[in-house]
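Taking it in order: structure first as structure tokens, then the write-up.
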Amino acid sequence: MRQVKPNIFEVGAIDWDRRLFDELIPLPDGTSYNAYIVKGSEKTALIDTVDPTKTDTLITNLAEAGIKKIDYLISHHAEQDHSGSIPDILEIYPDAKVVTNEKCKNMLIDLMGIDEQKFIVIEDGQELSLGNKTLKFIFTPWVHWPETMATWLAEDKILFSCDFFGSHLATSDLFVTDKARVYESAKRYYAEIMMPFRGIIEKNLEKIKSLDIKIIAPSHGPLYNEPKFIIDAYKQWISDEVENKVIVAYVSMHGSTKKMVEHLVDALMARGIGVQQFNLVSADIGKLAVEMVDAAGIVLASPTVLTGAHPAAAYAAFLVNALRPKTKYLAVIGSFGWGGRMVEQLKGLLANSKAEILEPVIIKGEPKEQDFKKLDELADKMISKIKDKK
Ligand code: FEO
């Protein structure tokens, strides 16, 4: 239990050991599930709960904070890492009402089997008085589910933002101390779950623009007592601007595709383009996602397996398609033995992407002089297109 301000406590749990989220997203630095108690002169609210694996920690922290009664349990988001302990809390604190929006209520009933009678449904902009403190609910959809919302505590100028602005980072720091570390974690988090919703995030940022925020209290990672730091970072990430950087993500079975990749990477670097090369067999997909946030181009390089793309390259294409980065250019390169439909397959997996797909470089067997020349031409094309956009 940690005090944020007088009568406001962080009562969630730090999960130092968790290494995977959604059985998909690597968590190299663990995470936290932040939950908050706000004690007003008349009522007490608990803002979100924790992952079901950490319910005991939440219950202990509530006892430590001397919480005998919870009047309102504010649920910002139905995903289980924040809602998973709600049934236990409702048992221990039977007077508590779950305060949330209609969409979230329905999801909580579906996911947790919570009794419909337990809910108070609020609208966007509605206020709830705790006596000398007032909670105002701000709907912030698609950060990163349709029901997500935030709570503004006007008297203390705190925005409880749930996943929005969060970072998967287990740390004993209540507030951000190491900005570079938090920036990296928050960017990774944005890349993994927020990036597909850039347009809606812009609207959500607009919605909170007029608030005089002193603290942003997210549901993962440390709190921000300089909110501008993370708000500016989000503005940059969602902007249309890309960096002079190309991702080259490859898999190679017998070395031909790797030789192509090495040549292309050298050619791009020689032309002054920043490169991030990933071997898809062992790559941390979180790092790959981070680079997608602002890369101007992505090159997928694959050998031909059973007449199609290597499954590792198909997985990368699937991720690009799902995360919908603002990348401007995509290219497929690779090698085949006797033929195949690798390019068509990968292009098919990239149907959501708005990026321009450049002429592929597909070769037979080991790369030869004329193949290296084609890769040089691809590098030329990329640099001229990136320069044109500047
Ligand atoms: Fe942290 Fe979308 O849950």
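The values are calculated or read from the model by the stated rules, or taken from the named source; none is laboratory data. Note that the coordinates shown come from a computational prediction; the quantities given were computed from them, not determined experimentally. Neighbour counts are summed over all protein chains in view; Cβ atoms, including those assigned to glycine, are modelled from backbone coordinates with ideal geometry. Note: areas computed on protein heavy atoms with side chains; ligands, DNA, RNA excluded. Shrake-Rupley method; radii C 1.70, N 1.55, O 1.52, S 1.80 Å.
Segment 140-157 and segment 44-88 have their alpha-carbon centroids 17 Å apart.
Compute the Rg/Rh shape ratio of the chain: radius of gyration over Kirkwood radius, all on alpha-carbon atoms. Over the Cα atoms of the chain, Rg/Rh equals 1.06.
Share of carbon and sulfur in the accessible area of the chain stands at 50%, probe radius 1.4 Å.
Taking every alpha carbon pair in segment 53-203, what does the distance histogram look like in 10 angstrom bins from 0, in percent? That works out to 10, 34, 40, 15, 0, in percent per bin. Compared with the dominant principal axis of the Cα atoms in the chain, helix 256-270 is inclined by about 80°. With the whole protein complex present, R19 retains an accessible surface near 120 Å², based on a 1.4 Å probe.
Of the whole protein surface, S282 contributes about 90 Å² of accessible area at a 1.4 Å probe radius. Net length available on complete extension from D156 to V281 is 40.1 nm, with 0.36 nm assigned per residue and the Cα-Cα distance removed.
Counting only DSSP H runs of at least 4 residues, each contributing -39500 (n - 2.57), and dividing by the residue count of the chain, the helix-based mean residue ellipticity at 222 nm comes to -10000 deg cm²/dmol. Give the percent of DSSP beta bridges with both residues in segment 246-382 that are antiparallel, rounded to the nearest 5. Looking only at bridges with both residues in segment 246-382, the antiparallel portion is about 10 percent. Toward the positive end of the charge dipole of the chain, with +1 on the Cβ of Lys and Arg and -1 on the Cβ of Asp and Glu, the farthest Cα among A191, V121, V246 is that of V246. For the chain, a Gaussian network of Cα nodes joined below 10 Å ranks H77, H254, H168 by mean-square fluctuation, and the top entry is H254. Relative contact order for segment 246-382: what percent, with Cα pairs under 8 Å and sequence separation of 6 or more? After rounding, I find 29 percent.
Normalised per residue, the accessible area of the chain is 42 Å², obtained with a 1.4 Å probe and no contribution from ligands, DNA or RNA.
Close amide-amide hydrogen proximity is noted between D15 and T31, S32, Y33, each under 5 Å apart and 5 or more residues distant or on a separate chain (H modeled in the peptide plane; Pro and chain starts excluded).
Note on segment 360-385 and segment 182-211: Cα centroid distance 37 Å, given to the nearest whole angstrom. The GNM of the chain, with springs linking C-alpha atoms under 10 angstrom apart, assigns the highest mean-square fluctuation among D51, D163, D115 to D115.
Take Y315: with every protein chain present and a 1.4 Å probe, its accessible area is about 100 Å².
Mind checking the angle between helix 369-389 and the chain's longest principal axis? C-alpha axes, 0 to 90 degrees, to the nearest 10. In the chain, helix 369-389 runs at an angle near 40 degrees to the longest axis.
Comparing mean-square fluctuations of L159, L280, L128 from a GNM of the chain with C-alpha springs under 10 Å, the top value falls on L128.
Look at the alpha carbon pairs under 8 Å that are at least 6 residues apart: their mean separation over the length of segment 2-238 gives a relative contact order of 17 percent.
Expressed to the nearest 5 percent, the antiparallel share of DSSP beta bridges inside the chain is 45 percent.
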